Amino acid sequence: MQLNAEEQALIVGSFRALAVDSPAAAACFYRHLFRIQPETQHLFVETSARQGAKLAQTLQVIVGQIGNWGLLRTTVGDLAVRHLAYGVRAEHYDAVGEALLAMLAERLGPLWTDEMRCVWDKAYDGIKAEMIACAYIAEEAEPTEL
Ligand code: HEM
């Protein structure tokens, strides 16, 4: 997943605008996620403030590595493997992507543009594909004991 300099700048700029109030952005994200796929709610055991802080921190790492796919794919691959223990399934990733875009649109308001939507969509798709490949496809491809 390669983004050109202009695409990277759109991601970084929109993330900076979100970071002005990251607890509100996190709360907005979870509200959308639980509306889109209510059954994901039972997977979360931590308090929403702690979850929100972790999510904001990781998004910051991801955005910081957006221009270095070699590094980013390792970061998100490790993250995806940890998500197996949280009970997350491959089909949950679409709802999370939808919630992410809905949160960005709501929080950025008039700053949110079609170009931003396209580039976040492309970035999330690349990250999702890598996470699913690391955590699920590799798992399924594991040779079974005879
Ligand atoms: C790009 C996609 C995602 C990112 C950046 C992300 C980020 C994170 C982070 C940073 C944590 C904290 C724990 C850790 O670092 O291992 C976490 C935990 C968690 N995530 Fe994700 N996540 C993603 C996708 C998903 C998806 C698709 C689901 C499915 C609903 C999900 C559900 C959870 C759950 C249930 C936890 C554990 C929280 C708890 O114990 O309350 N995540 N996630």
Notebook entry, point to check: How many of the residues making up the range 72-87 are surrounded by 15 or more Cβ atoms within 10 Å (Cβ to Cβ) and near the ligand (Cβ under 8 Å from one of its atoms)?
Noted result: 4
Check: Just checking, which of I66, I62 is at pLDDT below 95, within 14 Å of the chain's Cα centre (by Cα) and not in a helix (DSSP H, G or I)?
Finding: I66
Note to self: Every residue in the range 41-58 that is assigned to a helix (DSSP H, G or I) and within 6 Å of the ligand (Cβ to nearest atom), please.
What the structure shows: L43, Q51, K54, L55, T58
Margin query: List the residue pairs whose Cβ atoms are under 7 Å apart, where the first residue sits in the range 112-126 and is closer than 16 Å to L18 by Cα, the second is hydroxyl-bearing (S, T, Y), and the two are 6 or more positions apart or on different chains.
Written below: M116/S14
Notebook entry, point to check: How many residues does the range 1-40 contain that are over 17 Å from L108 (Cα atoms), in a helix (DSSP H, G or I) and of a type in the set (A, V, I, L, M)?
Noted result: 3
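Just checking, does the range 133-145 include any residue being closer than 19 Å to R16 by Cβ, assigned to a helix (DSSP H, G or I) and of a type in the set (V, I, T)? Let's see the steps before the verdict.
To start, the set of residues in the range 133-145 that are closer than 19 Å to R16 by Cβ comprises none.
Among the residues of the range 133-145, not one is closer than 19 Å to R16 by Cβ, assigned to a helix (DSSP H, G or I) and of a type in the set (V, I, T), which makes the answer no.
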Checklist line | Lone qualifier among R50, R35 - being closer than 19 Å to E98 by Cβ, exposed (fewer than 15 other Cβ atoms within 10 Å of the Cβ) and charged (D, E, K, R) | finding: R35
Check: How many residues, within the range 88-127, are within 8 Å of the ligand (Cβ to nearest atom) and not in a helix (DSSP H, G or I)?
Finding: 2
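The values are calculated or read from the model by the stated rules, or taken from the named source; none is laboratory data. Everything numeric here is computed off the predicted structure, so don't read it as measured data. Virtual Cβ from ideal backbone geometry, glycine too; neighbours counted across all protein chains shown.
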